[in-house]
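J.: What follows is a structure written as structure tokens; I'll ask about it next.
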Amino acid sequence: MPHVPHPARLTPRRPPARPGTARARLLASLLAACAAAGLRATEPVIANPLARTALALDGAWRTIVDPYDNGYLDYRLEPYDARENPTGGYFLDRPPGSPSDLVEYNFDTAPELAVPGDWNSQSERLLYYEGTVWYRRTFDRPASPPGHRQFLHFGAANYEAEVYLNGRKLGRHIGGFTPFQFEVTGRLRDRGNSLVVRVNNQRRPEGVPTVNTDWWNYGGLTRDVLLLDVPRAFIRDYVVQLKPGDGGRACGYVQLDGAAPATRVTIEIAELGVSAESQADAAGRACFDFALPGAALWSPEDPRRYDVRVSAAGDRVGERIGFRTIATRGSDILLNGRPVFLRGISLHEENPLRGARAVSEGEARLLLGWAKELGCNFVRLAHYPHNEHVARVADELGLLLWEEIPVYWTIHWGDPATLDNARGQLESLILRDHNRASVVIWSVGNETPVSAERTAFMGRLIARARELDPTRLVSAAMEVRADPANPDRKIVEDPLAALTDVVSFNEYVGWYVGLPDDCARVTWVVDTPKPVIISEFGGDALQGLHADARTRFSEEFQADLYRKTLPMLGRIPQLRGMSPWILCDFRSPRRPLAGIQDGWNRKGLIGSNGKRKEAFFVLQAFYRAKEAEAAAAARAR
Ligand code: GCB
């Protein structure tokens, strides 16, 4: 496997393999070898970076706010990159041929911003800022055994990042929520390395997401930055999952980088007495299919995980992995072969107490801890990939997850580059989280308007998700329409529903559509036997605002809406879960109502002050009853 970062988002892109070339033959044999395990080849970033020897480049970075993109574009608006001898930008070096020694920037005296973190919450003047910020961090090369290789890993940068090391450009990454890496072996100095990143969060029509969203466009190096150190031949990626339909066996692959053909690869699960061996093929991939005798299955009630160790060519990496199956049968969702009802809640990657991107494991614990307190066994991570800590904490706490890419509202369906971008984000997400037992659903988008172009676009994403990961379910949050002859008759009729495993839709009866009392009259037509998840419902309430149940934005109105919505949804025969909108209030520039919203979407069950609203307890009581029902059914079996 060549030493390139993930293909779709980094420039320069690798050309596709030409038929008949050595690379095409290699790829073909790789695909054939792994077909047995149902897994397809791709080139991911180094898996499980948190378990690797690394220098954390988190902390204070020097920053230059650059609203006119002066560091990137010269005064004719030509990118410095485009020059024959690219300097990488004004903030790296004086432009060549500069007639003067004048330098109008100084990172050493420039203000600092914390990484990981968004810039909006760190400085009042950056709250609404959309544009470029330059980040610089210096570091000395850490000691490393001879022959080792180094990679710069970025958990995410929103939205576009240009990365320069010691004045040379390493590349660009597009997409605000997925990891990317650059190999820097041989490019590090012993002392005083200068890592400069241009991060630009301008919204763009052809982007994913596009210009219009109902969440804050937090910019910056929002996730961990690591300098990874790995042996010359190392384990780039691995996946170990329970084989669908066969509770007794595990399958997966290990992808090596830089290893000789026929290198021996071992997967050990000491607690289960498993030590499986396989040989890497010419492309560095070793496929596995082995018995898992006596493995306790992972579930929300018992989130059992095992220490899985992978070793090859002197490299070793490991982590705790849970084993479970997820499938559908008729209208049921089956977890480990048993029907499950998904008691969920939606979540943004935001800490309401800070009004900032949630960045740490601690913040993942805070948010998912609240979901547990609500009685959830399921969380919808809306509307983009959340940071890597979240699914790991969910694995540990026993929460099932829906993970999503920001194909939101009105994407440029006809633009092949937009499709490539969305597909790249989906691939990165799947490859990052494919060992997480918690993740059971990949969602390819939210509330996208029905059209042939859009269904073709999303159909391609669904096909790709299935190709990369045949062990999980695929869905998307769809929309509902009212019968023109009877507005109380709600119809879910979306060609996408034919392509997904689960039919999910958002509905706002009682908030955007009519009043909570309407719930008693509303009927639902969901013309498919597939399981249904209500991916959103809800309404705004300002925590602490008390009035009667007819007063919008009061806690009582929201609680009443929940009380009336729950029995209404219960009349959908295929209902197998829900993720109401939303656990916490979140910042949104679309919400200006003074004194109530003040730039926050107030549909949270927990306010931006961290206090629970009345509706929290309504849903909690409903979920406790559902949980008791499920426990009684399990006892009766
Ligand atoms: C929706 C969107 C979600 C919004 C929510 C709302 O349908 O999917 O992103 O925040 O409604 O509050 O309007």
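The values are calculated or read from the model by the stated rules, or taken from the named source; none is laboratory data. In this text the structure is predicted, and so the values were computed from the model without any measurement. Cβ: placed from backbone, ideal geometry, glycine included. Neighbour counts: every protein chain shown. Surface areas here come from the heavy atoms of the whole protein model, side chains and all, with no ligands, DNA or RNA. Shrake-Rupley method; radii C 1.70, N 1.55, O 1.52, S 1.80 Å.
J.: Could you work out the local net charge near residue 637, counting Lys and Arg as +1, Asp and Glu as -1, over the other residues with Cβ closer than 14 Å to its Cβ?
T.: In short, 0.
J.: Sorted by accessible area (1.4 Å probe), largest first, how do 603, 372, 626 line up?
T.: 372, 626, 603
J.: Still on this structure: Each residue of segment 167-174 in turn: what ³J(HN,Hα) in whole Hz from Karplus with 6.51, -1.76, 1.60 and θ = phi - 60°, glycine and Pro shown as x?
T.: Once θ is set to phi - 60°, the couplings for segment 167-174 become x, 10, 6, 8, x, 10, 9, 10 Hz.
J.: Between residue 596 and residue 338, what length comes free when the chain is fully extended (0.36 nm per residue of separation minus the Cα-Cα distance, one decimal in nm)?
T.: Contour length minus the Cα-Cα distance gives 88.5 nm.
J.: About its Cα centre, what dipole magnitude does segment 77-231 give when the only charges are +1 on Lys and Arg Cβ and -1 on Asp and Glu Cβ, stated in debye to the nearest 20?
T.: Dipole about the Cα centre, nearest 20: 380 debye.
J.: Let me ask you something else. Using a 1.4 Å probe over the heavy atoms of the protein chains, calculate the carbon and sulfur portion of the accessible area of segment 101-192 as a whole percent.
T.: Answer for segment 101-192: carbon and sulfur cover 46 percent of the accessible area.
J.: Scan around residue 469 for amide H atoms under 5 Å from its own, H built in the peptide plane at 1.01 Å from N, and keep only partners 5 or more places away or cross-chain.
T.: Under 5 Å from the amide H of residue 469 lies no amide H from a residue far enough along the sequence or on another chain.
J.: Follow-up question, since we're still on this one. Please list 3J(HN,Hα) in residue order for segment 324-335, calculated via the Karplus relation 6.51 cos²θ - 1.76 cosθ + 1.60 where θ = phi - 60°; whole Hz, with x for glycine and proline.
T.: 7, 10, 9, 7, 10, 9, x, 8, 9, 9, 10, 9
J.: In debye, nearest 20: dipole of segment 292-408 around its Cα centre with unit charges on the Cβ of K, R (+) and D, E (-)?
T.: Taking the Cα centre of segment 292-408 as origin, the dipole is about 240 debye.
J.: Can I ask one more? Hey, can you find the accessible area per residue of the chain for me, probe 1.4 Å, expressed in square angstrom?
T.: 38 Å²
J.: With a cut-off of 8 Å between alpha carbons and a minimum separation of six or more residues, what is the relative contact order of the chain in percent?
T.: 12 percent
J.: Now, a different point. Over 29 Å between Cα atoms: which of 490/626; 530/613; 243/603; 372/564; 490/611 fall into that group?
T.: With Cα atoms farther than 29 Å apart: 530/613; 243/603; 490/611.
J.: Using the Karplus curve 6.51 cos²θ - 1.76 cosθ + 1.60 with θ = phi - 60°, what ³J(HN,Hα) values do you get for each residue of segment 400-410, in whole Hz, with x for Gly and Pro?
T.: So the J values, rounded to whole Hz, are 6, 10, 9, 10, 9, 10, x, 7, 10, 6, 10.
J.: Please compute the net charge surrounding residue 541, taking Lys and Arg as +1 and Asp and Glu as -1 over other residues with Cβ under 15 Å from its Cβ.
T.: Its environment carries a net charge of +2.
J.: Using +1 at the C-beta of Lys and Arg and -1 at the C-beta of Asp and Glu, which of 510, 145, 429 has the Cα lying farthest in the positive direction of the dipole of the chain?
T.: With unit charges placed on the Cβ atoms, the residue in question is 145.
J.: Right, here's the next one. At a 1.4 Å probe, what is the % contribution of carbon and sulfur to the accessible area of segment 418-513?
T.: 55 percent
J.: With only Lys, Arg, Asp and Glu charged, each at its Cβ (+1 for the first two, -1 for the last two), find how big the charge dipole of the chain is about the Cα centre; round to the nearest 20 debye.
T.: In debye, rounded to 20, the chain gives about 1100.
J.: What does the charge add up to near residue 314, with Lys and Arg as +1, Asp and Glu as -1, over the other residues with Cβ less than 15 Å from its Cβ?
T.: Here the count lands on +4.
J.: Measure of size requested: the Rg and Dmax of the chain, with Cα atoms as the atom set and Å as the unit; please supply both.
T.: Here Rg and the maximum Cα pair distance are 25.0, 85 Å.
J.: Something else about it: With a cut-off of 8 Å between alpha carbons and a minimum separation of six or more residues, what is the relative contact order of segment 476-591 in percent?
T.: RCO, segment 476-591: 23 percent.
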